[in-house]
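J.: There's a structure below that I have some questions on.
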Amino acid sequence: MAAIKALTVDVGTGTQDILLYESNKNIRNCLKMILPSPTLIVAEKIKEMTERQKNILLTGYTMGGGPSTFAIRKHLERGLKVTSLPEPALTINDDIRKVEEMGVEISNNPEREGLVEVELRDVFMREFHSFFGSIGIEVPDKVFLAVQDHGFSPDMSNRRFRFRVFEKTLRGGNLYSFFYHEDEVPEHFNRMKSALKSIKDFSDGKGLKIESYVIDTVFAALIGAMTDLKRFPAFIVNFGNSHTIGAVVDEDGSVFSLFEHHTSIMRRKGSEGVKKFLESFIHGKIDNEQVFGEGGHGAFVKEVVEVRDFVATGPNAELSPYRTANPAGDTMITGNVGMIHAYLQRNG
């Protein structure tokens, strides 16, 4: 296979983890950055406008919510105006009516006078291109992106919708089935599609030709952790800043069972509670309704098998009783390693 160069970007709730991968280098020598997540950066911009008593206009793309959505709510609570174009408004809620009920004015052609523009986007291609160029590094023609996408579900709990998509996909596929070429992304993944659109808009504006791939952050982490496993079947748990996902997997990426919860809820269980929950799941004693009822997304078990290795990953891996996966010498780039591995599996 020819040498591969790719900009890999893993967008989380707390950080965005960047690895400029070059296959002809030792991966530990590849350029790496751990930066604040886009939603935190946007939230800080909104907070600044709140303190300055400025009305804002949301432009750009659909991106991850969390801190940015919270900052928008606080802005409105201070009696300040929030106007938004339709696409970035979906960051706040899939149901535009609910966004309007919050007090956000939605408009295709807003009156911009008196409004400070805040651009929403998950991928900082403009900034990466500028920074890399300033130190003599060319941006590769491949981008591997990981974002968490609950799926567009205005009429249904996005927790249920997200997990139903997972289950349906895994019953006929494996972990690599979630690694999409830019032309293959299902319509319901509107955040993924919007993020890829932002990359295309940037590349078209610069006269560049960039090929993009995208995957959900939780599967990027699971695949990355797989590369540090010794024996299979194995159990992997990713304790992210927002979500915790666990899966019993085989060497080919097939999944015997999977659950997704919220890390804040897992943390409240305490170390013994987490250990008990994970052991119960491995033995097929945790079902979908139990996880959903606790405030998580769900669980499903195709088959209970003997687990022969156990690893944890993610920024909150200390919640786990298992050893921490360390596939490239840095747990913060496990998702980036996962995207590289998924690409090689797909195109090897």
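Residue-by-condition table, conditions (1) basic (Lys, Arg); (2) in a strand (DSSP E or B); (3) surrounded by fewer than 24 Cβ atoms within 10 Å (Cβ to Cβ):
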{"site": "Ala3", "(1), (2), (3)": "no, no, yes"}
{"site": "Leu7", "(1), (2), (3)": "no, yes, no"}
{"site": "Thr13", "(1), (2), (3)": "no, no, yes"}
{"site": "Asn24", "(1), (2), (3)": "no, no, yes"}
{"site": "Leu35", "(1), (2), (3)": "no, yes, yes"}
{"site": "Ile41", "(1), (2), (3)": "no, no, yes"}
{"site": "Lys47", "(1), (2), (3)": "yes, no, yes"}
{"site": "Gln53", "(1), (2), (3)": "no, no, yes"}
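J.: Identify the residue in the stretch 300-318 that is in contact with a helix residue (DSSP H, G or I) (Cβ under 6 Å, 6 or more places away or on another chain) and either modelled with pLDDT of 95 or more or among the basic types (Lys, Arg) (or both) and, among all such residues, is farthest from Asp287 (Cα to Cα).
T.: Out of the qualifying residues, it is Val311.
J.: Then there's this: Asn336 passes all but one of (1) touching a Ser or Thr at 6+ places or on another chain (Cβ under 6 Å); (2) modelled with pLDDT under 95; which number fails?
T.: (2)
J.: Inside the stretch 58-164, counting only helices (runs of 4 or more DSSP H) that do not spill past its ends, which hold 1 or more residues that are touching a residue at least 60 places away in the same chain (Cβ under 8 Å) and either crowded, with 21+ Cβ neighbours inside 10 Å or within 18 Å of the chain's Cα centre (by Cα) (or both)?
T.: Fully inside the stretch 58-164 and qualifying: 125-134.
The values are calculated or read from the model by the stated rules, or taken from the named source; none is laboratory data. Nothing here was measured: the structure is a model prediction, and the numbers come from that model. Every residue, glycine as well, gets a Cβ built from its backbone with ideal geometry; the counts of neighbours run over all protein chains shown.
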